[in-house]
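A short worksheet on the structure shown next.
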């Protein structure tokens, strides 16, 4: 690995920084100064009841779109940036350092790449520009109550009725479906086929289609981030299939965000630690911290361990993107990065909470602003799903064991 920018990469990094400095709306500059930032900021903002917030979301999307950076990994012919892997890494790193929200959500990171490879020309012409323009935000309908880590066990079925499918079933953990305009899903169209071979990939371009119901799921921290989605005789035109009928599993497997290095996680962890240290140096932070109490030295060492882990996370990120840049496909390396990042987020949140003892339980103060002490407890609650979504830690360890270490399957 070469940790230094080439002259071309350095020039591109400068270009990114200058653009962010010149174009990022004031709203996002203010939010970037907070240690604890919310999920899917842009998607929330585009649906806000506040016109100034919606304007900030629109302006930021337009600025990124002008550069082709809404979808930096898409080919230029489809409106993307056509960036090389290392350029994508630099862009994502600088965005994370600036606290700049990404734009486009699942439509950019998931549906777009799958449609570019498997979609028909008319589908690409209809759906891709609307994703880039911020007109359509998509939700992902994959996981089900009985099909999470073993996604191929999904049972939501689509029965052919002339020129439409009639869809019945349930999806769960449908992130940001309440903010979405449309949803893509994998459904079972041949119940008699082997479980990987009877699945079809469909798009439902109106999330308010009759029979489709999105119900909120409130997490342990009283946040509404994901949902459960019900399909009751939802009629979907047959031409809304992406790829071939009963071959949707293979379409879904290409539906990957090419920014798999997790550099955003590494940068976020480091920024959180540095923000915590700044707060602890203030009179308020010092008065409320537990560093002067029994066990203070242990907590200092735990924070130091998190700082070291954030540097290790950065190296994992750089290894993944270096492989991409060399034309190699990360496998267990990506699992290592995901596993380490999700468990680091939990460790850091737990350590931050312990820094403030019982004071960290005063959650109502979160509503008054970015209160560092009480927000770490909120972070810890939010971090619980981190080791579940996107592939559980157990699944990641199995991948590392079998594909990385060559151990036999149990």
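What follows is calculated from the coordinates using simple rules that are stated; it is not laboratory data. Here the structure is a predicted model, which means the values were calculated and not measured. Methodologically, a virtual Cβ is constructed for each residue, glycine included, from the backbone with ideal geometry; neighbour enumeration extends over all protein chains shown.
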In whole angstrom, the spacing between the Cα centers of region 97-126 and region 298-331 equals 27
Assign one of three labels to region 7-103, namely rounded, prolate or oblate, based on the Cα gyration tensor with a ≥ b ≥ c the square roots of its eigenvalues; rounded applies when a/c is under 1.5, prolate when it is not and a/b is larger than b/c, and oblate otherwise. prolate
Ranked 76, 354, criterion: other C-beta atoms within 10 Å, fewest first: 76, 354
Over the chain, what relative contact order in percent results from Cα pairs under 8 Å that are six or more residues apart? 14
Once you order the gyration tensor axes a ≥ b ≥ c over the Cα atoms, which shape class does region 263-404 get: rounded for a/c under 1.5, otherwise prolate or oblate by comparing a/b with b/c? prolate
Within a 10 angstrom radius of the beta carbon, how do 35, 117, 388, 242 rank from fewest other beta carbons to most? 117, 388, 35, 242
Between helix 121-132 and the chain: long-axis angle, C-alpha atoms, 0 to 90°, nearest 10: 20
To the nearest 10 degrees, the tilt of helix 7-23 (Cα long axis) against the first principal axis of the alpha carbons of the chain is 90
Alpha carbon centroid spacing (whole Å) that separates region 35-56 from region 379-410: 32
Against the longest alpha carbon principal axis of the chain, how many degrees, from 0 to 90 and to the nearest 10, is the axis of helix 51-67 turned? 80
Is the shape of region 172-248 rounded, prolate or oblate, going by the alpha carbon gyration tensor and its root eigenvalues a ≥ b ≥ c, with a/c under 1.5 for rounded and a/b larger than b/c for prolate? prolate
Packing-based order for 166-173, 396-403, 196-203, 211-218, using average beta carbon neighbours within 10 Å, highest first: 196-203, 166-173, 396-403, 211-218
Assertion target for 195, 338, ordered by fewest C-beta neighbours within 10 angstrom first, is 195, 338
How large is the helix-only mean residue ellipticity at 222 nm for the chain, computed as the sum of -39500 (n - 2.57) over DSSP H runs with n ≥ 4, divided by its residue count, in deg cm²/dmol to the nearest 500? -14000 deg cm²/dmol
